[in-house]
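Novice: Encoded as C-alpha cells, here's the structure I'll be asking about.
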Amino acid sequence: MAKFSAIGSFYFHLTLITFGLILFTILKNFDFVNYRDSPALTTTQVNFIWLFLIIGVSGVLAFLLNGYFIKTPKHYTRVGVAVVFIIIGLGAILGMLFHDSLVGNNESIGFYEMLGIMFGSFIIIVGSLAYISIKFPDTTRIKYFKEAVKEEIRKRGEYEHNVRVWQTQLKKQKRIEERKVKHVKAKKAGKQPIPVKVASQEVQELKELVMTPVEDVAVVKCAKCQRSLKLTSTERPLTIKCPYCEAIGVIRE
C-alpha cells in the first residue's frame with residue numbers, strides 16, 4: 001500500500017471503510033455458488049448502503065476538491081485515470097440502486113444489482129488509492145518529487161540551451177554558404193573575390209560556440225507568487241524580476 005500524508009491517510013481510510021462496509025453488507029446475502037438464488041437485500045440493508053454511500057461520496061468529494069489545488073503536472077494523466085475510475089464506480093452504484101425505479105419495476109435489489117454495487121465499490125476504492133497516493137504522498141515522496149521537478153527544470157534548461165546553439169549554428173552555416181556562393185560568383189565574373197578566411201573565422205567561432213558547456217541552472221521561488229524561476233547567473237548578490245507578477249527580489253547567497 002502506498003504511503004500517505006496524515007490527511008491522505010484519513011481520506012483513504014474513510015473511503016475504504018465506507019465502501020468496504022457496502023461490500024460487506026452485500027456479501028452477507030450473496031451466494032457465490034448459486035448466485036441466482038441469492039436473497040434480495042432487505043430494507044434495512046438498503047438503508048445501511050445509502051448511509052455508507054452518502055458518507056463515502058462526501059469523503060470522495062472532499063479529497064477531490066482538496067487535491068485539485070495540489071499541482072502534479074508530471075502525473076496529470078494518472079490522476080485523470082483515477083478520477084475516471086471513481087466516476088464509473090459511483091455511476092455503477094447509483095445505477096443499480098435506481099435500476100428498478102428507472103425501468104418502472106418495484107422489485108427489490110437482487111443479485112444483478114448486488115454485482116453492480118460490489119463492482120462499483122471495488123473500483124472506487126482502487127481509484128481512490130491511486131488518486132490519494134499521487135495527491136497526498138508522505139513527506140519523503142514529496143521530497144523526491146521536488147528533486148524530480150528540479151531535475152526536470154535543469155534538463156529543460158539544457159535542452160533550451162542546445163536549441164539556441166543549434167539555431168545559431170544553422171544561421172552561421174547559412175552565412176558561410178552564402179559567402180561561399182558570392183565568392184564563386186565573384187571569381188567567375190572576374191571581380192575581387194570575397195576572402196574565404198572570414199568564413200573560416202566563423203567556422204572557428206561556431207566550434208567554440210558548440211563546445212560551450214551548459215551553465216548550471218538554479219531554481220528559486222518568487223516570494224510573491226511562489227512560482228519557480230530559473231537562474232543561470234552565479235553572480236551574488238543578484239537582482240531578479242519575476243516575469244509572472246513582476247515582483248523584484250535580491251538573491252544574496
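Novice: Given a Förster distance of 51 Å, report the FRET efficiency between LEU238 and ILE17 from their Cβ-Cβ distance, rounded to the nearest 0.05.
Specialist: Working: r = 53 Å, r/R0 = 1.03.
Given R0 = 51 Å and the Cβ-Cβ separation, E is 0.45.
Novice: While we're looking at this one, here's another question. May I ask you to derive the FRET efficiency for ARG154 and VAL81 from their Cβ-Cβ distance with R0 = 41 Å, giving the value to the nearest 0.05? Don't jump to the answer; show the numbers that get you there.
Specialist: On the way: r = 28 Å, r/R0 = 0.69.
Given R0 = 41 Å and the Cβ-Cβ separation, E is 0.90.
Novice: With respect to the cross-link table entries LYS174/LYS230; LYS150/LYS174; LYS3/LYS71, which display a Cα-Cα separation exceeding 28 Å? Walk me through the numbers on the way to the answer.
Specialist: On the way: LYS174/LYS230 32 Å; LYS150/LYS174 36 Å; LYS3/LYS71 18 Å.
In this structure, LYS174/LYS230; LYS150/LYS174 lie more than 28 Å apart at Cα.
Novice: On to the next question. Semi-axes of the range 1-64's equivalent ellipsoid from the Cα gyration tensor, sqrt of 5 times each eigenvalue, largest first, rounded to whole Å? Write out the running numbers ahead of the final one.
Specialist: On the way: eigenvalues 164, 40, 9 Å².
After diagonalising the Cα gyration tensor, the semi-axes are 29, 14, 7 Å.
Novice: To continue, here is another question. Work out how much length TYR35 to VAL219 would gain on full extension: take 0.36 nm times their residue separation and subtract the Cα-Cα distance, in nm to one decimal.
Specialist: Values: separation 184, 0.36 × 184 = 66.24 nm, distance 6.04 nm.
Result: 60.2 nm gained on full extension.
Novice: If you don't mind, another one. How do ARG179, ARG227 rank by accessible surface area computed with a 1.4 Å probe, from largest to smallest? Can you show the working numbers first?
Specialist: On the way: ARG179 85, ARG227 125 Å².
These residues rank, largest area first, as ARG227, ARG179.
Novice: Need one value: the accessible area of HIS183 in square angstrom, 1.4 angstrom probe, rounded to the nearest 10.
Specialist: About 40 Å², ignoring ligands and nucleic acids.
Novice: Still on this structure, please answer the following. Can you send over the solvent-accessible area of GLU151, 1.4 Å probe, protein chains only, in Å² to the nearest 10?
Specialist: The value for GLU151 is about 70 Å².
Novice: Carbon-plus-sulfur fraction of the accessible area of the range 10-61, 1.4 Å probe, in percent? Present the calculation step by step, with values, prior to reporting the outcome.
Specialist: Numbers: 2100 of 3000 Å².
Carbon and sulfur: 70 percent of the exposed surface of the range 10-61.
The values are calculated or read from the model by the stated rules, or taken from the named source; none is laboratory data. None of these values were measured; they are calculated from a predicted model. Cβ: placed from backbone, ideal geometry, glycine included. Neighbour counts: every protein chain shown. The protein model used for the area step is the full one, side chains on, heavy atoms only, and it has no ligands, DNA or RNA in it. Shrake-Rupley method; radii C 1.70, N 1.55, O 1.52, S 1.80 Å.
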